[in-house]
Amino acid sequence: VEPVSMAIAIGAVSALTGFLSYSKVHCRFTECCEEQHPFSASALKLDLEKKLFGQHLASEVILKAVTGFRNNKNPKKALTLSLHGWAGTGKNFVSQIVAENLNPKGLKSKFVHLFVSTLHFPHEQQIKLYQDQLREWIRGNVSACGSSIFIFDEMDKLHPRIIDAIKPFLDYYEQVDGISYRKAIFIFLSNAGGDLITKTALNFWRAGKKREEIQLKDLEPVLSVGVFNNKHSGLWHSGLIDRNLIDYFIPFLPLEYRHVKMCVRAEMQARGIAVDENIVTSVADEMTFFPKIEKIYSDKGCKTVQSRLSFH
Ligand SMILES: Nc1ncnc2c1ncn2[C@@H]1O[C@H](COP(=O)(O)OP(=O)(O)OP(=O)(O)O)[C@@H](O)[C@H]1O
């Protein structure tokens, strides 16, 4: 090998090594987009089992969907999950668990984005502007980090045309204007369909069947049709449903008295207080339950447990 080529080769290798070690050090100080943060399906499974109460369907589907997506080196489209259920049943909570399992900084990561309808898209007459802003925001963020996560809370309060603006990003295209969206994750949270889920859960209860016997096939089709036909679901007549771009409709069941108690215990443990069963019972007793006669399900799920516990 002639000396000049050798010198160039050595120079190139050391420049590359230098760059790699620089970026390693750099990423220690600022957050970098790593396409593949180490992901452990068993850690996610354990988290769901330990932390999420009374949601056997949501746990199962979320674990399957996220694991399958992350283990696929070449997904054909972005992962799109639509979470439905009554208030306080764990939709935001589970999004946080998923975000933390995919990204060490969880919701605080600059690659995880939360949109809240009433906060970010409050005015009916600004739909066109919101559509443009949303498209730009997602395009910019996915070009900076392909594996970005976008969470849309309060979908039921979103004008249905807004979300259709991002339809091309959720489709099977390899690239849209030079950007691939295939490694991104979109999570929609909504109360829409909560009434349908409760109805099914109640039917099982009244038939003397266990809650855990409810299967996804008992709910998913009802949910997708119900949400499509519901003017206040954010997905009313949406092209996302029409074109089958939502991978999973995930039902969150209404929580029972025993689940509320589990939430109180978890909250006490999180605060480092010894679990006192008298307090657990009195916090759970303060919650209100429906339907009027049977009083099975907590109407706020576990939502006010934290603030109520502070009064004991
Ligand atoms: N199934 C659950 N298992 C464990 N904790 C729960 C569950 N559901 C709710 N919680 C607790 O209650 C808090 C509020 O729940 P969360 O914000 O996830 O409800 P949500 O379903 O998103 O409600 P909303 O539709 O009103 O936004 C959570 O931070 C969590 O502490």
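The values are calculated or read from the model by the stated rules, or taken from the named source; none is laboratory data. All figures in this text were calculated on a predicted structure; none of them were measured in a lab. Counting neighbours? That spans all protein chains shown, and the Cβs are built from the backbone with ideal geometry, glycine included. The protein model used for the area step is the full one, side chains on, heavy atoms only, and it has no ligands, DNA or RNA in it. Shrake-Rupley method; radii C 1.70, N 1.55, O 1.52, S 1.80 Å.
Structural remarks
- Within the chain, percent of DSSP bridges classed antiparallel, to nearest 5: 15 percent
- Against the chain, whose longest principal axis comes from its Cα atoms, helix 257-270 is set at around 50 degrees.
- A cut-off under 9 angstrom between Cβ atoms defines the neighbours of Leu240, and their net charge, with Lys, Arg +1 and Asp, Glu -1, is 0.
- Rounded if a/c under 1.5, otherwise prolate or oblate - the stretch 28-186, Cα gyration tensor axes: oblate
- Relative protection proxy for 302-312, 76-86, 117-127, from highest mean packing down: 76-86, 302-312, 117-127 (other beta-carbon atoms within 10 angstrom).
- For Ile163, solvent-accessible area (1.4 Å; no DNA, RNA or ligand), Å²: 0 Å²
- Placing R0 at 30 angstrom, the Cβ-Cβ distance between Ala41 and Val116 gives a FRET efficiency of 0.50 after rounding to 0.05.
- Accessible carbon and sulfur surface of the stretch 241-312 relative to its total accessible area, %, 1.4 Å: 52 percent
- Solvent-accessible area, 1.4 Å probe, carbon plus sulfur percent, for the stretch 26-143: 56 percent
- Length added when fully stretched, Trp205-Ile293, from 0.36 nm per residue minus Cα-Cα: 30.3 nm
- Modelled FRET efficiency - R0 41 Å, Leu107 with Ala7, Cβ distances, 0.05 increments: 0.25
- Computed [θ] at 222 nm, helices only, for the chain once each DSSP H run of length n ≥ 4 contributes -39500 (n - 2.57): -15000 deg cm²/dmol
- Solvent-accessible surface of the stretch 170-312, taken per residue with a 1.4 Å probe and all protein chains present: 52 Å².
- Packing order of peptides 166-179, 191-204, highest average first: 191-204, 166-179 (average count of other Cβ atoms within 10 Å over each peptide's residues).
- The stretch 219-312: C-alpha gyration tensor shape, a/c 1.5 cut-off, then a/b vs b/c: prolate
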